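Presented below is the structure to which this report refers.
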Amino acid sequence: RKPRPRPKGPEYVDFDVLDDLEPLVEEMREDADAQFELLLGGHPRNAIVACWDRFEEQAERVHASRKQWETSSEFTLRLLDAVSADADAVSRLEALYREARFSEHEIDEGRRQAAVDALRTIHATLGIGAGAR
């Protein structure tokens, strides 16, 4: 008689639990002017990319770290979700970032303005509802 294979236990998944989101929310709020300055300066393509990358820099300053398996964008999305930033605005800004980062066509002032609008909404909603999670 063959022994049955034992059922495997739950798989261990390594992830950060941000118990206290307030330092990240505060860092994002305190850095808002610098982030908008990046977005409003230079060529629209570079400005949008720099604006999106700034979220990762803000997280690093409060010691929130990216996992080995996470892309930069996945990390940024995870953190913006954790601080309850408006999901539609985050999606719009992420789409503009991807277009600016990976496309070859011209990125114009209209796209920069769309990014400014999305960033304003993101900053206006930071931390709203984060405590309820």
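The values are calculated or read from the model by the stated rules, or taken from the named source; none is laboratory data. Values in this document were obtained by computation on a predicted structure and should not be read as measured data. Note that each Cβ is placed from the backbone with ideal geometry, even for glycine, and that neighbours are counted across all protein chains shown. Surface accessibility is based on the protein's heavy atoms, side chains included, excluding ligands, DNA and RNA. Shrake-Rupley method; radii C 1.70, N 1.55, O 1.52, S 1.80 Å.
Which one of these is of a type in the set (S, T, N, Q), modelled with pLDDT under 95 and under 10 Å from the mean Cα position of the chain (by Cα): S65, S84, S72, S91?
Residue meeting the stated conditions: S72.
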All positions within the range 51-81 that are surrounded by fewer than 19 Cβ atoms within 10 Å (Cβ to Cβ) and part of a helix (DSSP H, G or I): D53, E56, E57, E60, R61, S72, S73, E74, L77, R78, D81
If the Cβ limit is 8 Å and pairs must be 6+ apart or interchain, which residue in the range 89-106 that is closer than 15 Å to S72 by Cβ pairs with which residue that is assigned to a helix (DSSP H, G or I) and open to solvent by 100 Å² or more (accessible area, probe 1.4 Å)? A100/N46
Filter the range 28-50 for residues that are open to solvent by 50 Å² or more (accessible area, probe 1.4 Å) and among the hydrophobic types (A, V, I, L, M, F, W, C); which is farthest from the chain's Cα centre (by Cα)? L40
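Restricting to the range 94-109, what's the tally of residues that are of a type in the set (S, T, Y) and either crowded, with 18+ Cβ neighbours inside 10 Å or within 9 Å of the chain's Cα centre (by Cα) (or both)?
Residues meeting the conditions: 1.
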How do the pairs read when you match residues in the range 40-57 that are in contact (Cβ under 8 Å) with a residue 12 or more places away in the chain and among the charged types (D, E, K, R) with residues anywhere that are assigned to a helix (DSSP H, G or I) and open to solvent by 10 Å² or more (accessible area, probe 1.4 Å), using Cβ under 7 Å and keeping only pairs 6 or more apart or on different chains? R54/L38; E56/S72
